[in-house]
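First up is the structure itself, then whatever we jot down about it.
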Amino acid sequence: MKTAVFSTKPYDREFLEQANESAGLELTFFEARLGPNTVKLAEGFESVCVFVNDQLDASVLIGLKKAGVKHIALRCAGFNNVDMASAEELGLTVTRVPAYSPYAVAEHAVALMLSLNRKIYWAHSRVRDGNYSLDGLLGFDLHGKTIGIVGTGKIGQCLAEALHGFGCKLLGVDRYENERCKEIGMEYVPFEEMLSQSDIISLHCPLMSETHHLINNEAVARMKRGVMLINTSRGGLIDTKAVIDGLKSGKIGYMGLDVYEEEEGLFFEDKTFEMRLDDVFARLTTFPNVLITGHQAYFTREALTRIAETTLANLTAFVAGGELTNRITAA
Ligand code: NAI
């Protein structure tokens, strides 16, 4: 079966080709992101393999259907970029990689927390410049602090376990209570209570219409002064303008982001000489207490291996007409 792989970076190709040594599928790699202008590239392919910033809205899905595509294999967990209702209407099968390394993302969230708190990024450049002064580098003990975790699924649980090791108090927000999280002392509270009690808030729920701009002006107003906000989930969970106001007023004391609501076409690309950065993102980068990484939380050797293996297993199962355990459908 012929598969068009979109948004391919050299590392994607390396891991997918390695996994394909045993699967033996016909993979064609495109650097382009899938969207209205590139959907024609899918002509003659039965499957497409896509990532987080490929755009699969109704018009692109119609284009895929016309091109002869039957199966969309997401090589990620989140599927907020796919219009699932349209996919179902068009009879397109969608599969994903539900879990590849929750540790990778949880560990990156901890890395953001520690770097922001102890200002590792400033300290490193100071020492390189020969400045050994400690002024402005004062941090706080993580031990004993209250951490609010929104979404206590696979990644939220890993984060809770790591922070339990630091001696933190854990507050959870989720409609389903996670037994392992409760075992290590997590207390489930309403969202509003978590906002007002947490020293650090970390987001780990999916982006859906009900979670879009979960962190808005009202939520920021309820937070403790000086709170640290971490988002390694999806950019759309945060209303960026609201958190910029929160940073300006000092309500938000630190912010660590691995995702941004307008990251499509920005993250994963080298924009060193690009002068047309969006103004909101440009403003974010001016705050000394904001640390941004470009959607790299998942980016570990173990995760890429698992993503490639599961994606190829999904593609193979589709061809074989077997059971598709990683199939997703419109809710
Ligand atoms: P999961 O499905 O195991 O857990 C998500 C949890 O969020 C579930 O327990 C669910 O009940 C909960 N949830 C749903 N709606 C909620 C709401 N309104 N309020 C609070 N909780 C809610 O998913 P997993 O694997 O833990 O991934 C979480 C998210 O992390 C993904 O949806 C994805 O967007 C993001 N992600 C980011 C990556 C990165 O590289 N930055 C990599 C992988 C995932």
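Report, by residue number, each residue of the range 47-77 that is part of a helix (DSSP H, G or I) and within 16 Å of the ligand (Cβ to nearest atom). Selection gives nothing.
Out of 195, 171, one residue alone is in contact with a Ser or Thr (Cβ under 9 Å, 6 or more places away or on another chain), within 13 Å of the ligand (Cβ to nearest atom) and either within 22 Å of residue 212 (Cβ to Cβ) or not polar (S, T, N, Q) (or both). It is 171.
To keep it simple, each residue is scored yes or no on (1) among the hydroxyl-bearing types (Ser, Thr, Tyr); (2) under 22 Å from residue 235 (Cα atoms).
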site: 57; (1), (2): no, yes
site: 61; (1), (2): no, no
site: 88; (1), (2): no, no
site: 93; (1), (2): yes, no
site: 99; (1), (2): no, yes
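Residues that are closer than 18 Å to residue 252 by Cβ and more than 11 Å from the ligand (Cβ to nearest atom): does the range 149-164 have at least one? No, the range 149-164 contains no residue that is closer than 18 Å to residue 252 by Cβ and more than 11 Å from the ligand (Cβ to nearest atom). Residues in the range 174-192 that are away from the ligand (no atom under 15 Å from the Cβ) and part of a helix (DSSP H, G or I): 183 alone.
Candidates are the residues of the range 80-96 that are of a type outside the set (A, V, I, L, M, F, W, C) and within 16 Å of the ligand (Cβ to nearest atom); the one that is surrounded by the fewest Cβ atoms within 10 Å (Cβ to Cβ) is 80. Looking at 73, 109, just one residue is buried (at least 18 other Cβ atoms within 10 Å of the Cβ), under 17 Å from residue 255 (Cα atoms), in contact with a strand residue (DSSP E or B) (Cβ under 7 Å, 6 or more places away or on another chain) and hydrophobic (A, V, I, L, M, F, W, C), and that residue is 109.
Among the residues of the range 119-132, is any within 16 Å of the ligand (Cβ to nearest atom) and of a type in the set (Phe, Trp, Tyr)? Scanning the range 119-132 turns up no residue that is within 16 Å of the ligand (Cβ to nearest atom) and of a type in the set (Phe, Trp, Tyr). Being more than 15 Å from the chain's Cα centre (by Cα), away from the ligand (no atom under 16 Å from the Cβ) and assigned by TED's automatic domain parsing to the domain that holds residue 141 is a condition met by no residue of the range 229-239. Counting only residues that are surrounded by fewer than 16 Cβ atoms within 10 Å (Cβ to Cβ) and in a loop (DSSP other than H, G, I, E, B), the range 241-288 holds 16 of them. Looking at the range 243-250, is at least one residue of a type in the set (Asp, Glu), more than 16 Å from the ligand (Cβ to nearest atom) and either at pLDDT 95 or above or touching a His at 6+ places or on another chain (Cβ under 9 Å) (or both)? Among the residues of the range 243-250, at least one is of a type in the set (Asp, Glu), more than 16 Å from the ligand (Cβ to nearest atom) and either at pLDDT 95 or above or touching a His at 6+ places or on another chain (Cβ under 9 Å) (or both), which makes the answer yes. Pairs needed: first member in the range 178-198, among the β-branched types (Val, Ile, Thr); second member anywhere, buried (at least 18 other Cβ atoms within 10 Å of the Cβ) and not in a helix (DSSP H, G or I); C-beta distance under 8 Å; at least 6 residues apart or different chains. Hits for this filter: 184/170; 189/171; 189/172; 189/173.
May I ask you to say which residue of 44, 35 is touching a residue at least 40 places away in the same chain (Cβ under 8 Å) and either assigned to a loop (DSSP other than H, G, I, E, B) or within 19 Å of residue 61 (Cα to Cα) (or both)?
Working: 35 fails: touching a residue at least 40 places away in the same chain (Cβ under 8 Å).
Within the list 44, 35, the selection yields 44.
Restrict the check to the range 49-61 and report whether at least one residue is at pLDDT 95 or above, in the same structural domain as residue 314 (by TED's automatic domain parsing), surrounded by fewer than 20 Cβ atoms within 10 Å (Cβ to Cβ) and in contact with a strand residue (DSSP E or B) (Cβ under 8 Å, 6 or more places away or on another chain). Checked the range 49-61: no residue is at pLDDT 95 or above, in the same structural domain as residue 314 (by TED's automatic domain parsing), surrounded by fewer than 20 Cβ atoms within 10 Å (Cβ to Cβ) and in contact with a strand residue (DSSP E or B) (Cβ under 8 Å, 6 or more places away or on another chain). Based on what the data block shows, is residue 111 within 16 Å of the ligand (Cβ to nearest atom), free of Cβ contacts under 8 Å to residues at least 60 places away in the same chain and not assigned by TED's automatic domain parsing to the domain that holds residue 265? Judged against the criteria, residue 111 is not a match.
The values are calculated or read from the model by the stated rules, or taken from the named source; none is laboratory data. It should be emphasised that the depicted structure is a prediction, and the values quoted were computed from it without experimental measurement. Here Cβ is always computed from backbone atoms with ideal geometry, including for glycine, and neighbour counts include all displayed protein chains.
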